[in-house]
Amino acid sequence: MSIAMIVFSKALIVVPITLLPILNPIAIAPIFLSMTGPIESGLANRLAYRIAINCFFLLMGAVFIGSYVLDFFGISLPIVRVAGGIVVAMAGWKLLNDQGQDKLRSSVAASHGGNWSVEELRRRSFYPFSFPLTVGPGTIAASVTLGTQMPHKPVDWIITGIASLLGVLLTTLVIYLCYRFARNMERLLGEVGATVLLRLSAFILLCIGIEIGWAGVSALVEELNFH
């Protein structure tokens, strides 16, 4: 196998392996259902598709231009991790202690009556579903980290860039499939199983947030000790 193929294969594999455990779309799917309420299947499919498209562009932007944006504003990656960890942990804690899932479903259903307009679908597909529910600050920090590891040699950069693009595409395909068939998963699990999975997902989200924040704090402490 040539060096170019090794570089390509490594980048292609590293992107999904790095991002999917943080994204965890299987665990987020029950949360996605609890926030959408009993919408019709066609609308749910379109929503899942738009979320996947939004996530694709968010991840691509973070991988390819995220490090330059941070440098422009003078923001370090550890700070992004700390802020992202706080946001993710707060979201997980709120969901973990939410005793009104039925009220949440009812309020969401009442707000759109099971039928959103095109503009409302676009708006809600980005916030809160694409960001921060799916692609949160932790995922963006990880994506920016991947971008900083891109090789500087032009040929290797192009090969790695194409592989990273395909890796992001595979990642967003998994997101789409998990959200697209979230209702099937709920029916398979049943009401009790879906509730258990939702609470477990919220706890995992809380743990991920703490882990992301702790990684940022540890990096800041190391920098402080170094200076």
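Here the scattering of region 3-226 is modelled by Debye summation over its C-alpha atoms, one equal scatterer each and no solvent; at q = 0.08, 0.12, 0.17 Å⁻¹ the log10 of I(q)/I(0) is -0.31, -0.69, -1.22.
Take 199-211, 145-157, 127-139 and order them by the average number of nearby Cβ atoms within 10 Å per residue, most first; the result is 127-139, 199-211, 145-157.
The Cα-based radius of gyration of region 107-227, divided by its Kirkwood radius, gives an Rg/Rh of 1.07. Identify, among 137, 172, 217, the residue whose Cα sits farthest towards the positive end of the charge dipole of region 120-227, taking +1 on the Cβ of Lys and Arg and -1 on the Cβ of Asp and Glu, with the dipole about the Cα centre. Of the candidates, 172 comes out farthest on the positive side. Across region 53-60, coupling constants 3J(HN,Hα) worked out from phi with the 6.51/-1.76/1.60 Karplus curve, θ = phi - 60°, read 5, 4, 5, 4, 6, 5, 5, 4 Hz, and Gly and Pro carry x. Rounded to the nearest 0.05, the FRET efficiency derived from the C-beta distance between residue 148 and residue 4 at R0 = 25 Å is 0.70.
FYI, it's all coordinate maths here, none of it is from the lab. The shown structure was predicted, so the numbers you read here are calculated from the model rather than taken from an experiment. Here the Cβ is made from the backbone with ideal geometry for all residues, glycine too, and neighbour counts use every protein chain on show.
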